[in-house]
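Below is one structure, written out as structure tokens, with a few remarks after it.
The values are calculated or read from the model by the stated rules, or taken from the named source; none is laboratory data. Worth saying up front: this structure is predicted, and the values here are computed from it rather than measured. Positions of Cβ are generated from backbone atoms using ideal geometry, with glycine treated the same way; all protein chains shown enter the neighbour counts. Keep in mind that these areas ignore ligands, DNA and RNA; they rest on the heavy atoms of the full protein, side chains included. Shrake-Rupley method; radii C 1.70, N 1.55, O 1.52, S 1.80 Å.
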Amino acid sequence: MDLHRESLEEEATHATDEARMVLPGVQALLGFQLIAVFNQRFQDLSEDRQVLHLVAFVCLALAMTLIMAPAAYHRQAERGCVTRRFVDFASLLLTLSLVPLAAGLVIDTYLLVWLVVGTELASVAVAGGVLLLLVAFWFVVPQLARQARHLHPASPGQPGAR
């Protein structure tokens, strides 16, 4: 297995780039959620489902906060330098942001399917499917890859290993 160890600066750049890639999508979802409240179909939702919409909004707002936090931290606490602490902190916050992001997406999926199809079973089934996909690709697959890398690390003599 070819392995290239990133420098601290490369790790920091990748963490901030990853946040920049995810943030516009989260912001767009928040915008749609704000607009939805003023849409006539929102009134078709029961009070409980309107509260669920609010919970999804709060989840996405929390995800956005966690995604933006590393930039705010770096600007204020470690401006002009890159530290292991910053890279670890940024990675932790970006990973943690996936939990409320997934929750918000799953709740929104449930509400969307309910508005379109009108049945609880379909809404729960599709939202559950989305949850399984998000958990699989955002948490399970990366952990399996991480475990495989630790079980089969590149030896010092292999190209790309350091």
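Tabulated data
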{"quantity": "Sum of side-chain charges, residue 109 neighbourhood, beta-carbon under 15 Å (Lys, Arg +1; Asp, Glu -1)", "calculated": "-1"}
{"quantity": "Relative contact order for region 25-104, counting Cα pairs under 8 Å that sit 6 or more residues apart, in percent", "calculated": "41"}
{"quantity": "Candidate residues 67, 107, 35: accessible-area rank, largest first, probe 1.4 Å", "calculated": "35, 107, 67"}
{"quantity": "Hz values of 3J(HN,Hα) by residue in region 17-31 - Karplus curve (6.51, -1.76, 1.60), Gly and Pro given as x", "calculated": "5, 4, 5, 5, 6, 7, 4, x, x, 5, 4, 5, 4, 4, x"}
{"quantity": "Degrees, to the nearest 10: 84-117 long Cα axis against longest axis of the chain", "calculated": "20"}
{"quantity": "Angle in degrees between helix 47-77 and the longest Cα principal axis of the chain, rounded to the nearest 10", "calculated": "30"}
{"quantity": "Using alpha-carbon coordinates, inclination of helix 141-151 to the longest axis of the chain, degrees", "calculated": "20"}
{"quantity": "Amide hydrogen neighbours beyond the local backbone of residue 82, cut-off 5 Å, H modeled", "calculated": "none"}
{"quantity": "Relative contact order, percent, region 62-143 [alpha-carbon distance under 8 Å, six or more residues apart]", "calculated": "28"}
{"quantity": "Area accessible to solvent at residue 75, 1.4 Å probe radius, in Å²", "calculated": "130"}
